[in-house]
Amino acid sequence: MTISALGYLGIRTGRLSDWADFSTNLLGMQPVDKGGSMRAFRMDDRKQRLILGESDGEGLDFMGWEVADPYSLDQLADRLENHGVAVTLAPAALADQRHVARLIWFLDPDGNRVELFCGPETASAPFTPGRPISGFRTGAMGMGHAVLHSGNVESLLTFYRDLLGFQVTDYGLTPYPLYFFHVNARHHSFALVGSGRKGLHHFMIETTALDDVGQGYDLAMLEAGRVAYTLGRHANDPIISFYATSPSGFFVEYGWGSPAIDPNGWTAFETTEGPSLWGHDRLHLAEDSPTRRRLKDMALETGRRGRRAPDPVCHLLDGVIGRE
Ligand code: FE
């Protein structure tokens, strides 16, 4: 009855046309006709992955997590209700709007709307990217990852890990708690940042070629204020990515090259090094910001220690050689 992937994300925004331009021309998603106050975008054979709803505010509207079948959905609903969570079975009209067979929803302890679904619809026409990228790494790994702010990490940890069954991949405790969770072979499909705020910190989508990220970076650098974190490599994924400021203000991480993990043979561990092996300079913070300086110093220290991630190309070759 486990959750298997991040299926889709919903964003509420008063900036639909800016989002349409950003999603299509920078991220390379494919807009699909939705009409009215909604916009939807494809990343693969699914009918939609990113859904925008017109609103006065900006931020996360809902996360859509995938389960295998209606039986698993009912079992999860029972478990949530037994722990006092109010679960709503969505009417058929909403399931149709999400292009899924069956849908339940509820709120997490911070009030974020969580949807669980089964039976996603696939499109008959092939995915056509909004700019000429190679495509997105999705499939069994899902859409990517979502990272939430919280001032209430302990409650959310209990909720997502113990009730929904997310597995902790690794975590840091200082200067604030940071938890990464997997639900499949993606290093993390979900994370919590104990920043004291609420809502979406960023979501991540992964391309199938490094050049898609590099060419996206060139485009993002043409726009004043678009790049929030420079190109860099995370220590734990270890993905090569940059972060763009979305029209809603939160970030979108655009990356490539994260090796798959073995979700069944994994033991969670605490990390003490900085978040990045190199790069990821926080351009959205002032030059003299103590946070920006501290994170830059941590990356430089990681470099001084000669810490490297496995080369993704070698990693892929190892997989091919291992199969022969
Ligand atoms: Fe990320």
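With K and R counted +1 and D and E -1, the other residues having a Cβ less than 11 Å from that of R137 yield a net charge of -2. Each principal axis of region 142-197 carries a Cα extent, and these read 28, 20, 17 Å when sorted largest first.
Going from the fewest other Cβ atoms within 10 Å to the most, the residues V193, V153 appear in the order V193, V153.
With R₀ fixed at 30 Å, the C-beta to C-beta distance from E273 to S37 puts the FRET efficiency at about 0.10.
Taken along its principal axes, the alpha carbon cloud of region 83-208 reaches lengths of 46, 36, 23 Å, longest axis first. Spatial offset of region 79-100 relative to region 271-292 amounts to 39 Å, using the alpha carbon center of each. The residues neighbouring V67, those whose beta-carbon lies less than 15 Å from its own, together hold a net charge of -2 under the Lys/Arg +1, Asp/Glu -1 convention.
The relative contact order of the chain comes to 15 percent, based on Cα pairs under 8 Å that sit 6 or more residues apart.
Kirkwood Rh over Cα pairs of region 140-245 into Stokes-Einstein at 25 °C, 0.890 mPa s: D in µm²/s?
Result for D is 165 µm²/s.
Excluding same-chain neighbours fewer than eight residues apart, the lysines reachable from K34 by a Cα-Cα span under 30 Å are K47, K198. Give the Debye-formula value of log10 I(q)/I(0) at each listed q (0.07 Å⁻¹), with one equal scatterer per alpha carbon of the chain, two decimals each. For the requested q values the scattering log ratios are -0.27. From helices alone, the chain scores -6500 deg cm²/dmol at 222 nm; the rule is -39500 (n - 2.57) for each run of n ≥ 4 DSSP H residues, then divide by the residue total.
If you build the Cα gyration tensor of region 256-308 and take the root of 5 times each eigenvalue, what three semi-axes come out, in whole angstrom, biggest first?
Details: eigenvalues 141, 33, 27 Å².
In descending order the semi-axes read 27, 13, 12 Å.
Here, each number is a calculation from the coordinates, and none is a lab measurement. Because the structure is predicted, anything quoted here is derived from the model rather than measured. We place every Cβ from the backbone using ideal geometry, glycine too, and count neighbours over all the protein chains shown.
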